[in-house]
Amino acid sequence: MNNFYINTKKVPHRYYLTEEQIPTQFYNMRADMKNKPEPHLNPATMKPVTREDLLPVFPEGLVDQELDDETPYFDIPDEVREVYKMYRPSPLIRAYHLEQVLDTPAKIYFKFEGNNTSGSHKLNSAIVQAYYAKKQGLAGLTTETGAGQWGTALAEACSYFGLPLTVYMVKISYEQKPFRKSVIKTFGAGIVPSPSDTTAIGRLILEKNPGTTGSLGCAISEAVEKAVSTKDYRYSLGSCLNYVLLHQSIIGIESKIAMEEMDEYPDIVIGCAGGGSNLGGLISVFFKDKINGIANPRLIAVEPASCPSFTRGRFAYDFCDTGRITPLAKMYTLGSQFIPSPDHAGGLRYHGMSPILSQLYHDGLLEAVAVNQIDVFSAAQLFAKTETILPAPESAHAIRTAIDEALICKETGEKKTILFGLSGTGYFDMKAYDAYLQNKMVNTNPSDEELQKSFADLPSILA
Ligand SMILES: Cc1ncc(COP(=O)(O)O)c(C=O)c1O
């Protein structure tokens with residue numbers, strides 16, 4: 001900042017709700033969707049998955065949430081709200097300093113979900129998932145992690161509830177982020193770089209592609225295999241699934257309460273999208289207003305140009321994992337065999353997308369943009385320098401688009417209100433920041449040929 005800045009405005013820099021205002025219910029977008037997401041299919045029968053199909057894989061309480069597209073609200077268990085009190089409500093922050101530097105008439109707000117010890121929004125769902133596993137008396141959980149944020153969050157939640165956890169971490173992140181590993185281990189979880197030789201599917205992937213840096217799709221295959229082959233274990237997923245978006249709705253609900261208390265309402269709501277959970281959570285109640293004709297905010301997903309599921313993917317049934325052992329989901333996908341380049345936003349390197357968000361995008365209720373990583377890091381640096389929070393590379397995708405929208409307002413003179421999700425902090429991503437600062441970062445986007453090759457592997461009957 002070149003000039004000193006004193007906030008003399010009515011709206012404070014940080015707006016906190018009280019502990020009592022932590023929502024008591026999650027909101028289920030599917031209940032209000034006119035076109036509901038297509039059901040997951042069991043690849044063995046090609047019929048919609050049943051409760052019985054899912055019970056060996058996921059904790060029971062979560063299976064019920066996953067399959068329910070009618071119930072609009074689900075009570076948040078008291079035990080979960082109690083843990084939320086350690087870091088929620090999260091602050092809604094007015095980015096006054098960023099606005100000033102951009103010289104924009106737009107008002108920029110962000111909901112800061114990195115304000116907890118796991119450093120990201122992932123904890124919101126991890127706590128619920130560990131709670132239901134514990135309630136069911138399970139022996140433990142397995143999971144995958146890309147950037148390491150989900151593994152960290154679930155390790156924390158499992159440690160809180162005294163539940164063993166094994167994390168399959170995408171090999172490239174395992175190597176790029178040694179301290180992320182240490183945090184996960186500190187919370188008592190086991191951690192395995194994926195693909196590994198600890199599972200049949202991992203061995204197969206390694207045999208086919210020995211030098212692979214891994215992907216979320218591979219790590220999911222391994223974690224699912226481990227869970228279903230270990231007595232009383234279940235698998236836990238940090239994004240994409242309907243129940244994860246349900247839990248993350250707490251982000252949107254709190255944001256809306258805070259904005260309404262300040263007599264504000266967003267014209268544009270922006271979030272980064274990997275599997276879609278933080279974005280799905282942030283837009284949840286704003287989508288409700290939109291579908292019910294109460295307001296008409298633009299809802300924007302931001303994805304990396306290196307892994308452009310929405311903007312260059314197909315809307316088709318596909319496997320959620322590389323090993324093709326999971327149910328088929330109808331979603332925007334780059335193909336389950338697509339392995340994105342080792343881009344620095346590990347959490348956004350997933351071939352598929354939440355079926356809920358995919359349906360909204362297909363129906364024109366959600367927009368999507370793809371951004372290059374160098375532009376993302378320039379936005380991250382500007383944000384860090386003005387708002388003093390070092391954003392996660394994933395979250396910086398949302399910042400990029402928020403800045404771009406604010407700059408459009410500068411051109412047009414429109415005083416739009418922009419809300420974006422700051423899903424996490426980037427203090428374990430310093431290799432990425434270093435690469436950017438040393439001008440060593442490159443944009444590595446897939447060619448049309450690569451994508452066509454990957455689409456050719458989509459399940460043929462349904463592609
Ligand atoms: C900080 C952060 N933001 C966003 C994401 C993307 O996930 P989702 O699209 O489920 O919010 C991740 C995933 O690891 C993440 O760590």
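Given the conditions (1) within 21 Å of the chain's Cα centre (by Cα); (2) outside any loop (DSSP other than H, G, I, E, B), which single one is not true for Lys385?
(1)
Quick check, is Asp404 assigned by TED's automatic domain parsing to the domain that holds Val285 and closer than 23 Å to Asn278 by Cβ?
yes
For Lys410, indicate whether it is of a type in the set (Lys, Arg), under 21 Å from Ile268 (Cβ atoms) and not in a loop (DSSP other than H, G, I, E, B).
When the stated conditions are applied, Lys410 passes them.
So which of Gly119, Gly162, Gly146, Gly140 is crowded, with 22+ Cβ neighbours inside 10 Å, in contact (Cβ under 8 Å) with a residue 12 or more places away in the chain and either more than 16 Å from the ligand (Cβ to nearest atom) or under 23 Å from Thr198 (Cβ atoms) (or both)?
Gly146
Does Leu357 satisfy being modelled with pLDDT of 95 or more, in a helix (DSSP H, G or I) and over 20 Å from Leu282 (Cα atoms)?
no
Hey, can you tell me all the residues within the stretch 94-118 that are over 17 Å from Glu405 (Cβ atoms) and not in a helix (DSSP H, G or I)?
Result: Phe112, Glu113, Gly114, Asn115, Asn116, Thr117, Ser118.
Considering every residue within the stretch 406-417, establish whether at least one is more than 16 Å from His97 (Cα to Cα), surrounded by 14 or more Cβ atoms within 10 Å (Cβ to Cβ), in contact (Cβ under 8 Å) with a residue 12 or more places away in the chain and within 16 Å of the ligand (Cβ to nearest atom).
For the stretch 406-417, residues more than 16 Å from His97 (Cα to Cα), surrounded by 14 or more Cβ atoms within 10 Å (Cβ to Cβ), in contact (Cβ under 8 Å) with a residue 12 or more places away in the chain and within 16 Å of the ligand (Cβ to nearest atom): absent.
Hey, can you tell me all the residues within the stretch 128-137 that are buried (at least 21 other Cβ atoms within 10 Å of the Cβ) and touching a Leu at 6+ places or on another chain (Cβ under 9 Å)?
Val128, Gln129, Ala130, Tyr132, Ala133
Hey, Ser255 hits all of (1) at pLDDT 95 or above; (2) closer than 30 Å to Gln21 by Cβ; (3) out of contact with any Lys or Arg (no Cβ under 6 Å at 6 or more places or on another chain) but one; which does it fall short on?
Just one mismatch for Ser255, condition (3).
For every residue, the table says whether it meets (1) within 15 Å of the ligand (Cβ to nearest atom); (2) of a type in the set (Val, Ile, Thr); (3) at pLDDT 95 or above; (4) crowded, with 24+ Cβ neighbours inside 10 Å.
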{"residue": "Cys218", "(1), (2), (3), (4)": "no, no, no, yes"}
{"residue": "Glu222", "(1), (2), (3), (4)": "no, no, yes, yes"}
{"residue": "Ser229", "(1), (2), (3), (4)": "no, no, yes, no"}
{"residue": "Asp232", "(1), (2), (3), (4)": "no, no, yes, no"}
{"residue": "Ser236", "(1), (2), (3), (4)": "yes, no, yes, yes"}
{"residue": "Tyr243", "(1), (2), (3), (4)": "yes, no, yes, yes"}
{"residue": "His247", "(1), (2), (3), (4)": "yes, no, yes, yes"}
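In the list Phe310, Phe377, Phe319, Phe315, which residue meets the criterion of being of a type in the set (Phe, Trp, Tyr), away from the ligand (no atom under 14 Å from the Cβ) and out of contact with any Pro (no Cβ under 8 Å at 6 or more places or on another chain)?
After ruling out the rest, the residue left standing is Phe315.
Does the stretch 141-149 include one or more residues that are under 30 Å from Glu225 (Cα atoms) and over 17 Å from the mean Cα position of the chain (by Cα)?
Checked the stretch 141-149: at least one residue is under 30 Å from Glu225 (Cα atoms) and over 17 Å from the mean Cα position of the chain (by Cα).
Quick one: which of Gly252, Gly202, Gly271 is within 16 Å of the ligand (Cβ to nearest atom) and part of a helix (DSSP H, G or I)?
Gly252
Within the stretch 132-141, identify whether any single residue is closer than 20 Å to Leu245 by Cα and at pLDDT below 95, and answer yes or no.
Scanning the stretch 132-141 turns up no residue that is closer than 20 Å to Leu245 by Cα and at pLDDT below 95.
Which residues, taken from the stretch 236-277, are in contact (Cβ under 8 Å) with a residue 24 or more places away in the chain and acidic (Asp, Glu)?
Glu254, Glu261, Glu264, Asp267 - these are the residues of the stretch 236-277 that are in contact (Cβ under 8 Å) with a residue 24 or more places away in the chain and acidic (Asp, Glu).
With the structure loaded, tell me whether Ala402 is modelled with pLDDT of 95 or more, of a type in the set (A, V, I, L, M) and either under 17 Å from the mean Cα position of the chain (by Cα) or within 14 Å of the ligand (Cβ to nearest atom) (or both) or whether it fails that test.
Against the criterion (modelled with pLDDT of 95 or more, of a type in the set (A, V, I, L, M) and either under 17 Å from the mean Cα position of the chain (by Cα) or within 14 Å of the ligand (Cβ to nearest atom) (or both)), Ala402 does not qualify.
The values are calculated or read from the model by the stated rules, or taken from the named source; none is laboratory data. Computed from a predicted model, the values in this text were never measured in an experiment. Here Cβ is always computed from backbone atoms with ideal geometry, including for glycine, and neighbour counts include all displayed protein chains.
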